[in-house]
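Engineer: Quick one: this structure, given as structure tokens, is what I'll be asking you about.
None of the figures in this text is laboratory data; all of them are computed from the coordinates on show. On a predicted model such as this, the values are computed, not experimentally measured, just so you know. Please note: Cβ atoms are built from the backbone with ideal geometry, for glycine as well, and neighbour counts cover all protein chains shown.
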Amino acid sequence: MLWRVTSPPVTHAHLSRYLDVGDIPESALEHEKALQLEMASGGGKAPAIVEKMVEGRLRKFYGEVALLHQPHLIEEGAPPVKKVLETVGKSLGLSLTLDGFALYSGGN
């Protein structure tokens, strides 16, 4: 069971720059939001539609850069890593958390 919990987040960590959304610098979030707003605004869409598009694209961005929000590809339905930790912890009667990660790179 421990391998099931630890192995998948480890395989995801190489894609992450941050642990959680709160760790992403405000300047990076504002930049991404402005970029997504610019892309979604074309085509004369209603402001409410544009806002929903930006929200969805920001959720995708979080899944790309924040480990706890990345889809857990081994679990059916690809829930976020955070949800998998909660589910496994609950089944074990524990509160599982991920407090950080280190990224090591070698080779080229």
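Yes or no, residue by residue, for (1) under 25 Å from GLY22 (Cβ atoms); (2) charged (D, E, K, R):
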residue: GLY42; (1), (2): no, no
residue: GLU51; (1), (2): yes, yes
residue: VAL84; (1), (2): yes, no
residue: GLY89; (1), (2): yes, no
residue: LEU103; (1), (2): yes, no
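Engineer: Inspect all residues belonging to region 92-108 and state whether any of them is surrounded by 15 or more Cβ atoms within 10 Å (Cβ to Cβ) and assigned to a helix (DSSP H, G or I).
Structural biologist: Looking for residues that are surrounded by 15 or more Cβ atoms within 10 Å (Cβ to Cβ) and assigned to a helix (DSSP H, G or I), one finds none in region 92-108, hence no.
Engineer: Scan region 23-53 for residues that are among the acidic types (Asp, Glu) and more than 15 Å from the chain's Cα centre (by Cα) and report the count.
Structural biologist: Of the residues in region 23-53, 4 are among the acidic types (Asp, Glu) and more than 15 Å from the chain's Cα centre (by Cα).
Engineer: Write out, first by first residue and then by second, each pair whose Cβ atoms fall under 6 Å of each other, whose residues are 6+ apart or on separate chains, and whose first residue, in region 56-72, is over 16 Å from HIS31 (Cβ atoms) while the second is hydroxyl-bearing (Ser, Thr, Tyr) and part of a helix (DSSP H, G or I).
Structural biologist: HIS69/TYR62
Engineer: Which one of GLY93, GLY89, GLY56 is over 12 Å from the mean Cα position of the chain (by Cα), among the small types (Gly, Ala, Ser) and closer than 24 Å to MET39 by Cβ?
Structural biologist: Exactly one of GLY93, GLY89, GLY56 is over 12 Å from the mean Cα position of the chain (by Cα), among the small types (Gly, Ala, Ser) and closer than 24 Å to MET39 by Cβ, namely GLY56.
Engineer: Name the pairs whose Cβ atoms lie under 8 Å apart, with the first residue in region 94-108 and farther than 16 Å from PRO80 by Cα and in contact (Cβ under 8 Å) with a residue 24 or more places away in the chain, the second part of a loop (DSSP other than H, G, I, E, B) and of a type in the set (S, T, N, Q), and 6 or more positions between them or separate chains?
Structural biologist: Here the result reads PHE101/SER16; LEU103/SER16, each pair linking region 94-108 to a residue that is part of a loop (DSSP other than H, G, I, E, B) and of a type in the set (S, T, N, Q).
Engineer: When you check GLY44 against the structure, is it exposed (fewer than 11 other Cβ atoms within 10 Å of the Cβ) and assigned to a helix (DSSP H, G or I), yes or no?
Structural biologist: Spelling it out, it is not the case that GLY44 is exposed (fewer than 11 other Cβ atoms within 10 Å of the Cβ) and assigned to a helix (DSSP H, G or I).
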